[in-house]
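Only one structure is covered here, and it is reproduced in the block below.
The values are calculated or read from the model by the stated rules, or taken from the named source; none is laboratory data. Bear in mind that the values here come from a model prediction, so they are computed numbers and not experimental data. Cβ atoms come from the backbone with ideal geometry, glycine included; neighbour counts cover every protein chain shown. When the accessible area is computed, the model is the full protein with side chains, heavy atoms only, and any ligands, DNA or RNA have been set aside. Shrake-Rupley method; radii C 1.70, N 1.55, O 1.52, S 1.80 Å.
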Amino acid sequence: ARFEEQARRRAGEVALKSAEEGGTLSYGELEAKANQLARHLRGLGVKRGTRVGVYVERSVEMVVGLLAILKAGGAYVPVDRKYPAERVALMLEEAGVEVTLTQSALVEKLPASAGKALALDTAWKEVATQPESGLSSEVGGEDLAYVMFTSGSTGRPKGVCIPHRGITRLVEGKEYVRFGPEEVWLQLAPVAFDASTLEVWGALLHGAKLVVAPAQAQTLEELGGLLRREGISALWLTAALYEQMALHQGEALAGVRQVLAGGDVLPAQRVREHLKRLPEGAVLVNGYGPTENTTFSTTHTLTKESVVGKSVPIGKPLGNSTAYVVDASGEVAGVGVPGELYVGGEGLAWGYLRAELTAERFVPDGFGQEPGARLYRTGDKARWKEDGTLEFLGRVDFQVKVRGFRIELGEVEAALLRQEEVGEAAVVVREVGGDKRLVAYLVAKPGRRLDTREVESALRKELPEYMVPSAICVLDALPLSANGK
């Protein structure tokens, strides 16, 4: 409904642009195409609550597909097409998808759990016969908008269920950045990564232009050139990519009026250097938040006048959101006292696809006044500073962030232990030249021999590339402290 309002007001203005091919779609054209595809999806049985897989390369067609799924009443389930086949099959099966949007070059890679496959590039002749008018919908703020998977400590990824209110709470009526028709956003994040929620809907629900980056990975030089060429004014980067851009493409990055970064600790020195380059009116926003609370829970905005100490604060909660630091006794901690960060509010997910996991992390709100409200236990350690902002202090469990990706070390260890020759496994994070890397330590079963190349090859068939350890070491026995136990 919010998008359709923008389409009516800005029918002739550019909504989408392909950075690779240069083609554009106006808001009116995007509305018409999404309506046609939504009607076609209705014909395939998609209705309110239906889960639809998205297994495509980043493209203008991908964004049309996301919008069409929501218009049809469904919820999208994005899966990175680079994931191993076994993982893709598991995700789509667990989400219970009935239809999957894909492209002709990828159809053969889809598992049986994908349901009906609809190749957007070849099916459009049939889709285009549908009326361009809008569809009636009974979908409201509490209805499911998407299911996004994160790493799971039990050895299986966890599907997070985000309702429509989570998206609108992220991008509507917020002051941490300027949302408006004058902005030019870059769609750079993988669609299976929740930063894409901010990019796509932060642009399209406000009449802005969304530039879709090429499907292939960009070098730092290519990304810097893209920022300049397209006049990008709003950009999200992982902390790791932000650091590299600030180091090697500092002038191009400083030309973006609004840079949002996060997913891990921002390097204070790079931040200081970046802020010095900023023109008046430009900002850097440190965004913190788990997928379970719709991309951002808290934000901290910096300008060229900001003073950065040893660390960059993660800021204050977004509007319609809550954040509590809870001490070991289960009470709200005072200023300066470390504790686990609990977050809640309108951005909170329904929970996980698996109810037993939901009960572990989504707990009753014992601190607020709203009856029945819940909080999400982030597993992050934080403390309130005297100025009212939050300082991130690390994890209280074995979850880590590598290149912006959230990884449960237990999931990697479980994958290793499923291999026949492996008797014991511990996975840790090591820093090499400021770059975080996973390292696995293994002990063979009695009488067995471990070939690290075979182990790595088996892992690549099961885990995404970012979860495969960059080094695998075979030991006679694990030291007691190897896995933190």
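Would you point out which residue out of 412, 455, 428 is of a type in the set (A, V, I, L, M) and within 18 Å of residue 90 (Cβ to Cβ)?
412
If a residue must be modelled with pLDDT of 95 or more, hydroxyl-bearing (Ser, Thr, Tyr) and under 14 Å from residue 291 (Cβ atoms), how many such residues does region 144-188 contain?
Matching residues across region 144-188 total 1.
Give me a count of the residues in region 208-217 that are touching a Ser or Thr at 6+ places or on another chain (Cβ under 8 Å) and open to solvent by 10 Å² or more (accessible area, probe 1.4 Å).
So the count comes out to 1.
Residue 94 versus (1) outside any helix (DSSP H, G or I); (2) touching a Gly at 6+ places or on another chain (Cβ under 8 Å); (3) at pLDDT 95 or above; (4) acidic (Asp, Glu): which is the lone unmet condition?
(1)
Per-residue answers, yes or no, for (1) under 20 Å from the mean Cα position of the chain (by Cα); (2) polar (S, T, N, Q):
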{"residue": "75", "(1), (2)": "yes, no"}
{"residue": "81", "(1), (2)": "yes, no"}
{"residue": "90", "(1), (2)": "yes, no"}
{"residue": "93", "(1), (2)": "no, no"}
{"residue": "103", "(1), (2)": "no, yes"}
{"residue": "107", "(1), (2)": "no, no"}
{"residue": "110", "(1), (2)": "no, no"}
{"residue": "113", "(1), (2)": "no, yes"}
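When you look at residue 261, is it open to solvent by less than 10 Å² (accessible area, probe 1.4 Å) and under 27 Å from residue 322 (Cα atoms), yes or no?
yes
Go through region 247-266 and give me each residue that's of a type outside the set (A, V, I, L, M, F, W, C), at pLDDT 95 or above and farther than 11 Å from residue 234 by Cα.
248, 249, 250, 251, listed by residue number.
Cβ-Cβ below 9 Å, separation at least six or inter-chain, first residue in region 348-375 and modelled with pLDDT of 95 or more, second small (Gly, Ala, Ser) and in a helix (DSSP H, G or I): which pairs?
Between residues of region 348-375 that are modelled with pLDDT of 95 or more and residues that are small (Gly, Ala, Ser) and in a helix (DSSP H, G or I), the close pairs are 348/166; 349/166; 351/359; 353/95.
When you look at residue 83, is it at pLDDT below 95 and either closer than 17 Å to residue 191 by Cα or open to solvent by 30 Å² or more (accessible area, probe 1.4 Å) (or both), yes or no?
yes
Quick one: in region 417-462, which of the residues that are in a strand (DSSP E or B) and exposed (fewer than 11 other Cβ atoms within 10 Å of the Cβ) is modelled with the highest pLDDT?
The residue in question is 431.
Out of the residues in region 327-347 that are without any contact (Cβ under 8 Å) to a residue 60 or more places away in the chain and crowded, with 20+ Cβ neighbours inside 10 Å, state the one that is nearest to residue 169 (Cα to Cα).
Restricting to residues being without any contact (Cβ under 8 Å) to a residue 60 or more places away in the chain and crowded, with 20+ Cβ neighbours inside 10 Å, the top hit is 344.
Which ranges mark the strands (runs of 3 or more DSSP E) fully within region 352-401 that have 2 or more residues being crowded, with 18+ Cβ neighbours inside 10 Å?
Fully inside region 352-401 and qualifying: 374-384, 390-395.
What's the total number of residues in region 193-207 that are part of a loop (DSSP other than H, G, I, E, B) and buried (at least 24 other Cβ atoms within 10 Å of the Cβ)?
The number of residues fulfilling the criteria is 1.
Considering only region 220-331, give the strands (runs of 3 or more DSSP E) lying wholly within it that have at least 1 residues that are closer than 19 Å to residue 387 by Cβ.
283-288, 298-302, 321-326
Count, please, the residues in region 294-338 that happen to be among the aromatic types (Phe, Trp, Tyr) and within 19 Å of residue 369 (Cβ to Cβ).
Residues that pass the stated criteria total 1.
From the residues in region 24-73 that are farther than 17 Å from residue 212 by Cα, in contact with a Gly (Cβ under 6 Å, 6 or more places away or on another chain) and part of a strand (DSSP E or B), which one is least open to solvent (accessible area, probe 1.4 Å)?
Top of the filtered list is 52.
Counting only residues that are part of a strand (DSSP E or B) and either crowded, with 21+ Cβ neighbours inside 10 Å or under 13 Å from the mean Cα position of the chain (by Cα) (or both), how many does region 162-192 have?
5
In region 332-346, how many residues are part of a loop (DSSP other than H, G, I, E, B) and in contact with a helix residue (DSSP H, G or I) (Cβ under 7 Å, 6 or more places away or on another chain)?
1
Quick check on residue 76: is it closer than 24 Å to residue 163 by Cα and out of contact with any Phe, Trp or Tyr (no Cβ under 8 Å at 6 or more places or on another chain)?
no
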